[in-house]
Amino acid sequence: MRGPAMAFPILSYFLAAALVLLVFLRRFSDDQRRFGNGVLLGLCTVFLLAGTFVGLDHFLRPLARVMATGLIAGATVGAVVVAGFLLTNGIRMIRTEGGSLANLLPLLAGVAVLVALGLLGAAARFENGPLRAVATATLFLAGYLSFLFACFIGYAVLYQRVAGRRPVDFVVVLGAGLTDGSVVPPLLASRLERALTLYRRQKARGRSPILLVSGGKGSDEQVPEAEAMADYLTGRGVPDEHVVRENSSTSTEENLKFSRELMERLRPGYRCVIVTNDFHAFRAAVLARRAGVPGEATGSPTAAYYWPSATLREFVAVLVAHRVTNLGMGTLLLVAGARAGWHG
């Protein structure tokens, strides 16, 4: 079908993109702190690209075929490059930060990419039904996870660019582990420096914000994180009466819950900004929304070598938070991929 009747299928992709965009804009204006916003934006992009490619295939088929070949080749080369980067970063993380599961994520992800590529290559080379079924199922699942990861990264970057910069009553700093049981490490120091910048900016605008430092005492720590954070801030000139300590929490969820209780008691009707590291900012915002905390999250810089591992950890946490949906979709895609590969 290459006549005028083809115009409607092409147009339908763009209409779908417009509809998804309208839903995104409505949800985005209501609350920016939703991962679903990123998925909607990703779907809009997919529909736009699909409509463009179908249109090219209709009007300029030779060009569309060249582009398709280039995209497949580029995706293959890109996957190999990404796998190599993840493996290298994973080795560095283990050497620098230790062999915890979180630090192993880049290494595991790199191996998974290579295994997937190996399966696809073997299925293309050998005429074997079961192998083709496994390879196709793997491709479907990898495509789904890649789509979600692109949505997560893209929307997290967008969120940091456009998140509200309203006047606030509290600057909340989320804690992180201390070095040698009592020393603020560089990762946490970057959060505190970012909080100081926001605090001083609010003061310059005539506000009287409170710095709320949140973090309890870990089993390997000599003092609560909140106490070490407060000492860091007062040591840089912040009056002690401008610092509130929340020293009971042991997770981000508790950081936000206990901080909310303090803020509600001290300044009813408050607004706040939550300070963490850049890789953690968007998920902190999502958790703040769920905890009923009225405020956006902002991130401080993170060492480049640490960012891939930390970002993968955040992405896995988002997948787990939506585990029912993701398990259901993953299972459907695996079954559909296996059937398509077996009968392909």
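The values are calculated or read from the model by the stated rules, or taken from the named source; none is laboratory data. Quantities reported herein were computed from a predicted structural model and do not represent experimental measurements. Every residue, glycine as well, gets a Cβ built from its backbone with ideal geometry; the counts of neighbours run over all protein chains shown. Each accessible area value is taken on the protein alone, full model and side chains, heavy atoms only, with ligands, DNA and RNA left out. Shrake-Rupley method; radii C 1.70, N 1.55, O 1.52, S 1.80 Å.
Can you go through Ala116, Ala102, Ala17, Ala109 and tell me which one is in a helix (DSSP H, G or I), under 30 Å from Ala291 (Cβ atoms) and modelled with pLDDT of 90 or more?
Ala109
State which residue is least open to solvent (accessible area, probe 1.4 Å) when the search covers only the range 261-273 and only residues that are out of contact with any Phe, Trp or Tyr (no Cβ under 9 Å at 6 or more places or on another chain) and not acidic (Asp, Glu).
Gly269
Residues to consider are Ala109, Ala137, Ala123; find the one that is small (Gly, Ala, Ser) and in contact with a Ser or Thr (Cβ under 9 Å, 6 or more places away or on another chain).
Ala123
What do you reckon, is Arg166 in a helix (DSSP H, G or I) and closer than 30 Å to Val39 by Cα?
For Arg166, the condition - in a helix (DSSP H, G or I) and closer than 30 Å to Val39 by Cα - is not met.
Output the number of residues of the range 290-307 satisfying the condition of being touching a residue at least 24 places away in the same chain (Cβ under 8 Å) and either surrounded by fewer than 21 Cβ atoms within 10 Å (Cβ to Cβ) or within 26 Å of Leu131 (Cβ to Cβ) (or both).
Adding up the residues that qualify gives 9.
Quick one: is Gly121 modelled with pLDDT under 90, over 27 Å from Val286 (Cα atoms), out of contact with any Leu (no Cβ under 6 Å at 6 or more places or on another chain) and not in a helix (DSSP H, G or I)?
Values: modelled with pLDDT under 90: yes; over 27 Å from Val286 (Cα atoms): yes; out of contact with any Leu (no Cβ under 6 Å at 6 or more places or on another chain): yes; not in a helix (DSSP H, G or I): no.
So Gly121 does not fit the description; no.
Answer yes or no: is there a residue in the range 27-34 that is modelled with pLDDT under 85, among the basic types (Lys, Arg), at negative phi and open to solvent by 60 Å² or more (accessible area, probe 1.4 Å).
So the first thing to find is which residues in the range 27-34 are modelled with pLDDT under 85, and the list is none.
No; the residues of the range 27-34 include none that is modelled with pLDDT under 85, among the basic types (Lys, Arg), at negative phi and open to solvent by 60 Å² or more (accessible area, probe 1.4 Å).
Among residues belonging to the range 55-65 that are free of Cβ contacts under 8 Å to residues at least 40 places away in the same chain and surrounded by 12 or more Cβ atoms within 10 Å (Cβ to Cβ), point out the one that is farthest from Ile10 (Cα to Cα).
As a first pass, look at the range 55-65 and keep what is free of Cβ contacts under 8 Å to residues at least 40 places away in the same chain: 56-57, 59-65.
Then keep just the ones that are surrounded by 12 or more Cβ atoms within 10 Å (Cβ to Cβ); that gives 56-57, 59-60, 64-65.
Working: Leu56: 10, Asp57: 10, Phe59: 11, Leu60: 14, Ala64: 14, Arg65: 17 Å.
Looking at residues that are free of Cβ contacts under 8 Å to residues at least 40 places away in the same chain and surrounded by 12 or more Cβ atoms within 10 Å (Cβ to Cβ), I get Arg65.
Which one is nearest to Arg313 (Cα to Cα) among residues in the range 67-91 that are surrounded by fewer than 17 Cβ atoms within 10 Å (Cβ to Cβ) and touching a residue at least 40 places away in the same chain (Cβ under 8 Å)?
So, considering only residues that are surrounded by fewer than 17 Cβ atoms within 10 Å (Cβ to Cβ) and touching a residue at least 40 places away in the same chain (Cβ under 8 Å), the one nearest to Arg313 (Cα to Cα) is Phe85.
May I ask you to verify whether Leu48 is touching a residue at least 24 places away in the same chain (Cβ under 8 Å) and assigned to a helix (DSSP H, G or I)?
Answer is yes for this residue.
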